[in-house]
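*Asks:* Once you've had a glance at the structure underneath, I'll fire off some questions.
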Amino acid sequence: MKVLDPLVGVAEATFFMNRSNELLGGVTPITAIKEGRLDDVKRAVRAVAAEKGVYQTPL
């Protein structure tokens with residue numbers, strides 16, 4: 001949330017964290033974090049930021 005919120009706003013970041021994500025095998029980012037898959041979540045965040053045209057620096 002700390003990384004994504006400034007890039008896309010709190011509403012979009014919250015939506016991202018709570019919806020299933022195909023880049024995470026269909027689970028939510030919250031579930032992936034609980035499973036210890038933080039690197040996968042970071043890649044998914046970068047993909048969203050790149051899609052929005054706001055990705056600039058590596059996470």
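*Asks:* State the number of residues belonging to the range 1-33 that are under 22 Å from G53 (Cβ atoms) and β-branched (V, I, T).
*Replies:* Residues meeting the conditions: 4.
*Asks:* State all residues of the range 1-52 that are loosely packed, with under 15 Cβ neighbours inside 10 Å, of a type outside the set (A, V, I, L, M, F, W, C) and not in a helix (DSSP H, G or I); if no residue qualifies, say none.
*Replies:* Result: K2, G9, R19, S20, G25, G26, E35, G36, K52.
Throughout, read-outs are computed from the coordinates displayed, never taken from laboratory work. In this text, all values refer to a predicted model and were calculated from it rather than measured experimentally. In this analysis, Cβ positions are derived from the backbone assuming ideal geometry, glycine residues included, and neighbour counts consider all displayed protein chains.
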